[in-house]
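Have a look at the structure below before the remarks.
Just so you know, all these numbers are worked out from the coordinates, no wet-lab data involved. Since the structure is predicted, the reported quantities are computational estimates derived from the model, not experimental observations. Here Cβ is always computed from backbone atoms with ideal geometry, including for glycine, and neighbour counts include all displayed protein chains.
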Amino acid sequence: MNRLLFFRTSSSLIRYCFRSTSSTSNFGLTNRERKRFYKKVSTVESSQSPTKYEILLDQRKLKTPSGNLVTIENEFLALSLAHEWNQQLKKIDLASMHLNSLINTIIDNPLKLNKEQIIAKVMHYLDWDTLLYRSDAPEEFHQLQITSWDPILKVVNEHLNTKFQSTYDLHVKDLIRETDRQIIEKYLSSFDRSSLMIFLFIAEQLKSILLSICLIKQFRSVEDISVLSRLETEFQISRWTNVEYYHDYDILDTRSKIAAAYLIFYCLNNNITRTIMPKDNV
Amino acid sequence: MATKSALSVYKGLLRELSINNSKFSYRSLPVYLKIKDEYRRHRPITAKHCKPNDEILFVASTYLSYLESARKRKIIQSIYSKGERSVQQAANIVGLALPEIIDRPYLPIDQRSQQ
């Protein structure tokens with residue numbers, strides 16, 4: 001009797017059959033895994049507009065998925081984007097390159113959104129802002145919400161002259177006053193389209209506009225903001241322990257996305273190098 | 001969490017840059033030169049000019065938390081994305097082993113009765 005040993009067909013064998021090596025305008029990077037095909041990443045000043053920076057991957061200019069050239073005005077942002085490309089050791093992991101994907105979205109604008117549409121999308125998050133709807137069920141959680149979220153409301157109310165209030169009831173109508181809504185809209189329209197797209201991204205991650213405003217005014221650090229946006233989850237973790245591959249992964253994911261988005265937002269609205277006195281970003 | 005001091009953010013940034021670049025040292029990275037330049041430029045002067053220093057420090061610590069959290073997320077993903085264990089591995093956890101099966105030549109299971 002012979003013992004037959006069957007090895008499981010490894011998944012890499014299947015992927016090998018499907019790998020194609022065609023190169024399109026964006027180096028064919030859309031969905032496939034690509035190996036790192038460049039040795040050196042460098043940042044140069046663009047020849048067309050001398051105040052902007054471009055990124056070169058081994059003499060080839062970096063382009064967005066739509067084929068537009070990636071030009072960045074801020075030197076620090078260009079350098080950190082170059083560093084992100086440089087960090088890919090063997091394979092290019094596009095899912096973790098948040099700076100790259102956000103900058104591509106800003107330059108491409110694939111959904112062809114103009115400022116009003118973006119503002120409308122952002123205002124949609126205002127009605128169900130996380131900070132305004134509280135629960136009073138476990139008493140500890142009730143106190144936790146008050147101590148963590150109330151200072152944020154206070155800061156936003158002071159800076160923007162609004163009167164946001166929290167509620168413990170889901171059926172209340174008109175929690176947001178019309179005047180507050182207009183104040184927020186006016187505040188948002190003071191940013192340009194790219195910054196608004198970043199703001200929308202942050203609001204989508206945090207599920208709250210008030211927290212995004214708080215981040216932009218540098219009232220709390222990125223770590224604190226990501227904890228504040230999932231306060232209930234954190235409370236349950238303190239009760240029932242942490243599951244690393246879910247909770248940690250989730251908070252690290254949120255944190256990296258928000259940090260990347262904030263970097264781009266700051267760099268769009270403040271030029272870090274060339275100015276002598278840094279401008280206020282509000 | 002208290003805001004980090006400028007020095008600890010700087011050290012953290014150097015650590016992150018050197019972890020990701022096992023081939024070259026971080027000194028050759030242009031990002032490192034940029035960060036060094038920024039730190040030199042914005043050394044704390046007097047209380048009047050503290051506000052822009054805090055802003056830049058916030059941006060620096062945001063960059064640090066971006067690098068750190070992206071790296072940790074990749075680590076978690078690489079640890080836990082291996083999928084379920086096979087029956088053999090699951091038995092090995094408690095020290096058991098699967099019984100050895102000796103393959104016989106294939107016998108047709110549904111033998112139709114010969115007409």
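For region A:69-140, which trypsin sites (Lys or Arg not before Pro) pass both filters: DSSP loop (anything but H, G, I, E, B) and at most 16 other C-beta atoms within 10 Å? It would help to have the intermediate numbers written out before the result.
Details: sites: A:LYS90, A:LYS91, A:LYS112, A:LYS115, A:LYS121, A:ARG134; in loops: A:LYS90, A:LYS112, A:ARG134.
When the trypsin sites (Lys or Arg not before Pro) of region A:69-140 are filtered for loop state and at most 16 Cβ neighbours within 10 Å, A:LYS90, A:LYS112 remain.
Can you give the average number of partner chain beta-carbon atoms within 10 Å of each beta-carbon in peptide A:88-97, as a whole number?
That average works out to 2.
Between A:GLN236 and B:TYR106, what is the FRET efficiency for a Förster distance of 45 Å, r being their Cβ-Cβ separation, to the nearest 0.05? Show your work: numbers first, answer last.
Working: r = 54 Å, r/R0 = 1.19.
Efficiency for this residue pair is about 0.25.
Within the set of other residues whose C-beta is less than 13 Å from the C-beta of A:ARG193, count the net charge using Lys and Arg as +1 and Asp and Glu as -1. Kindly include the intermediate steps, with their values, before the conclusion.
Numbers: positive: A:LYS112, A:LYS115, A:LYS121; negative: A:ASP108, A:GLU116, A:ASP192.
Taking every other residue near A:ARG193 into account, the sum is 0.
Pop a pseudo-label 7 angstrom from the Cα along the beta-carbon direction at both B:SER5 and A:ILE183 and give the gap in nm to one decimal.
3.9 nm
Consider a paramagnetic label point 7 Å from the Cα of A:LYS173 along Cα→Cβ; state which residues of region A:104-137 have an amide N under 19 Å from it.
A:127-129
From the phi of every residue in region A:159-167, what ³J(HN,Hα) in whole Hz does the Karplus formula 6.51 cos²θ - 1.76 cosθ + 1.60 yield, where θ is phi - 60° and glycine or proline is x?
Using θ = phi - 60°, the values come out as 5, 9, 6, 10, 10, 6, 10, 9, 9 Hz.
Using only Cα atoms, what is the ratio of the radius of gyration of region A:115-268 to 2.2 N^0.38 Å?
On the way: Rg = 15.6 Å, N = 154, 2.2 N^0.38 = 14.9 Å.
Normalised by 2.2 N^0.38 Å, the Cα Rg of region A:115-268 equals 1.04.
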